[in-house]
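Working notes for the structure below.
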Amino acid sequence: MGILDRISTILKANINALLDSAEDPELMLEQIIRDMGEAITEARTQVAEMIAQEKLLRSEEHTSELQSRLHLVCRLLLEKK
């Protein structure tokens with residue numbers, strides 16, 4: 001098992017060295033900025049959807065309250081007869 005561990009360590013070290021040499025900090029930062037821009041756009045979309053859902057729920061709540069009041073008025077009118 002010792003040989004396999006050593007080979008594994010050598011392979012990992014060589015792969016990391018290749019990645020380090022291929023990595024350009026400026027390109028990495030540009031990609032991070034692009035990713036953040038996409039995340040901001042997605043977050044804004046989600047916020048807009050949540051605001052729309054909140055407005056819809058408030059409207060449904062108001063409609064439900066009006067229906068309850070109308071039901072109560074109708075019941076009271078029928079009881080008077």
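Run through every distinct alpha carbon pair of the chain and return the Kirkwood hydrodynamic radius in angstroms, one decimal place. Mind showing how you got there, number by number?
Values: mean 1/r = 0.0515 Å⁻¹.
Taking every pair of different Cα atoms in the chain, averaging 1/r and inverting gives 19.4 Å.
If you take the charge dipole of the chain about its Cα centre, with +1 on Lys and Arg Cβ and -1 on Asp and Glu Cβ, which of 9, 41, 59 is farthest toward its positive end?
59
Computing the accessible area with a 1.4 Å probe over protein heavy atoms, can you report the carbon and sulfur percentage for segment 1-55?
Numbers: 3340 of 5150 Å².
Of the solvent-accessible surface of segment 1-55, carbon and sulfur hold 65 percent.
I'd like the orientation of helix 2-22 relative to the chain: the angle between its Cα long axis and the longest Cα principal axis, in ° from 0 to 90, rounded to 10.
70 degrees
How tilted is helix 25-80 with respect to the longest principal axis of the chain? Cα atoms for both, answer in degrees (0 to 90, nearest 10).
20 degrees
Just to verify a number: what accessible area does residue 55 come out at with the full protein assembly present, 1.4 Å probe, Å² rounded to tens?
140 Å²
How far apart, in nm, are two points set 7 Å out from the Cα along the Cα-to-Cβ line at residue 33 and at residue 53?
About 3.4 nm separates the two model spin labels.
Rolling a 1.4 angstrom probe over the protein heavy atoms, how many square angstrom per residue are accessible across the chain? Could the numbers behind the result be given before it?
On the way: 7870 Å² over 81 residues.
That works out to 97 Å² for each residue.
To the nearest 20 debye, what is the magnitude of the charge dipole of the chain about its Cα centre, counting +1 on the Cβ of each Lys and Arg and -1 on the Cβ of each Asp and Glu?
Details: 10 positive and 15 negative charges, 194 e Å.
So the magnitude is around 940 debye.
The values are calculated or read from the model by the stated rules, or taken from the named source; none is laboratory data. The structure displayed is predicted, hence computed values, not measured ones. FYI the Cβ positions are ideal-geometry reconstructions off the backbone, even for glycines, and counts take in every protein chain you see. SASA here: full protein model, heavy atoms, side chains in, ligands and nucleic acids out. Shrake-Rupley method; radii C 1.70, N 1.55, O 1.52, S 1.80 Å.
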